[in-house]
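What follows is calculated from the coordinates using simple rules that are stated; it is not laboratory data. No experiment lies behind these values; they were computed from the predicted model shown. Here the Cβ positions follow ideal geometry from the backbone for every residue, glycine too, while neighbour counts run over all protein chains shown.
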Amino acid sequence: MNDYSKIIISHKLWIFLKSLNLRALKYMFLNFFARFFVAVTQLYAISIFTNIHDSQMYSVIILLFGYMIWFQLFDLGLTQTIQNRFNLKKIKIKNITIIIISHYLFILFIGLLNLKLNIFSALLLNNIEYSYTNQEKFIFDLGCSILLVTSNNLIIHRLLIVYRKSYLSNRLLFLQSLIVCSILFFYKTSLNPNPIFSVVLFFFPQILITLPFIIKLFLRLIKQKEKKYEHLNPYSLVKYSSSFVFISFLSSFLLGLDYLVISYFSNSDELLSYHLTVRFYYFSFMMYYGYIIFAAKNIGKIPNELTKKEILKVKRHSAIIGVFFTICVYIIVLFLNSFGILDVLTNGVKINQNVLFLALIYYLIRVFADTRIIIAQNLSEKINLIKLYSLQIFISLILMPPLCYYFGGVGVLLSLSFSYICGFTVKLEKK
């Protein structure tokens, strides 16, 4: 490469870096480090749980990790609704306080109801070769109930971003990881192993970390009870958010379908290996997803003539960031595996190289797919999103069970990759 070529490349790189949304970039890195510690905390928890519990018990806990995405749908579409309507100046911060507290009380009731009726263990704990004990079902339901309540965290974190308090959102995630790691270290060294303790100690801090925020909002609401709030039409809010509830349901179902199928057709060791593989790729997902969320948060209130230009800019930047970090994760995991470091980090759990490579393909496809989806959500393209997710779920339901039965995790990733590729045929944005 001659000097002239180097100058051209350097100039183009400088133009690209200069065109980046610096505030989004700052949020991306802060959010990455916050969620990086969340992911590391989960890997640390897995290393402890695999040591102190038998394979069936830790497979129940791993399933809770995998189904976390499903419980996000219990935000009832309010996360995206609040952001979009706030951008359009159709809702005020004062009203959002009432929405957050009402939602918290509602899901708390649902969580207690689940503990009484054991709804989720009946629906989600299945395996063709194993029957779960009553204790395992109770532990699973306990974890599910806690995860139900944590869906309120999504609304709080999005509110902080919209209200320009994103730094506080990241601090909460840092603090959450610190609390969990400290508790788990004490648990490992000082307390007797107990599966109920394991689930509560890992998941409950996610509630604890935002509880002061809920209490503060509630006290403020009581203090200002005589003050008139901006008019908020409950019917309009429910009507607007209901479509996002359905979209969230479809999205969460698609993203948790792999764990449902693997738990049914595979053993606990294969489930753990698959989970660790996708956890590593979660690091790259956090980078580009954080950038998209922040860079695209105001698209809904940009004048129409500028929207297309801004969308193309966000797409280009997100694609470059996403592809770069996804490939980096693949190279790093290969490096760790070649030197035996991976065995130490995962307590000897083997990662299938074919699954690792197929996960690379799948997450590269996800970079472009997720960018389209976030932009469509911010533009309130609800009908098109429903069409997209319906097509992807339909294809996945047809392909995933037989492919998983014969090829395990490789088959799951093949079916997901194909369904996401087919999803590009659905147009999400209006002309």
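The table below gives the values:
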quantity	calculated
Ascending count of other beta-carbon atoms within 10 Å, so fewest first, for K315, K116, K165	K116, K165, K315
Order by protection proxy (mean Cβ within 10 Å, highest first), peptides 96-102, 190-196	96-102, 190-196
Sorted by Cβ neighbour density within 10 Å, fewest at the top, the residues V410, V355	V410, V355
Segment L43-F197, extension gain: residue separation times 0.36 nm, minus the distance between their alpha carbons	53.7 nm
Formal net charge of residues neighbouring L255 (Cβ-Cβ distance under 13 Å; K, R +1; D, E -1)	-1
Relative contact order (%) - criterion: Cα under 8 Å, at least six apart; region: region 53-232	32
Summed side-chain charge close to L403 - residues other than L403 whose Cβ falls under 15 Å, Lys, Arg +1, Asp, Glu -1	-2
Calculated FRET value between Q353 and I222, using beta carbons and R₀ = 56 Å, to 0.05	0.45
Fully extended contour minus Cα-Cα distance, from N134 to K116, at 0.36 nm per residue	5.2 nm
Hz values of 3J(HN,Hα) by residue in region 51-57 - Karplus curve (6.51, -1.76, 1.60), Gly and Pro given as x	7, 9, 10, 6, 4, 5, 5
Charge context of R35, other residues only, Cβ under 14 angstrom, K/R +1, D/E -1	+2
Extension gain, L312 back to S182 (0.36 nm per residue minus Cα-Cα distance, nm)	42.4 nm
Using θ = phi - 60° and Karplus 6.51 cos²θ - 1.76 cosθ + 1.60, couplings along region 258-266 (whole Hz; Gly, Pro as x)	4, 5, 4, 6, 5, 5, 7, 9, 10
Shape of region 68-122, Cα gyration tensor, a/c cut at 1.5	oblate
With eigenvalues of the C-alpha gyration tensor scaled by 5 and rooted, region 53-232, Å	34, 19, 14
Taking F368, F186 and counting other C-beta atoms within 10 Å, the order from fewest to most	F186, F368
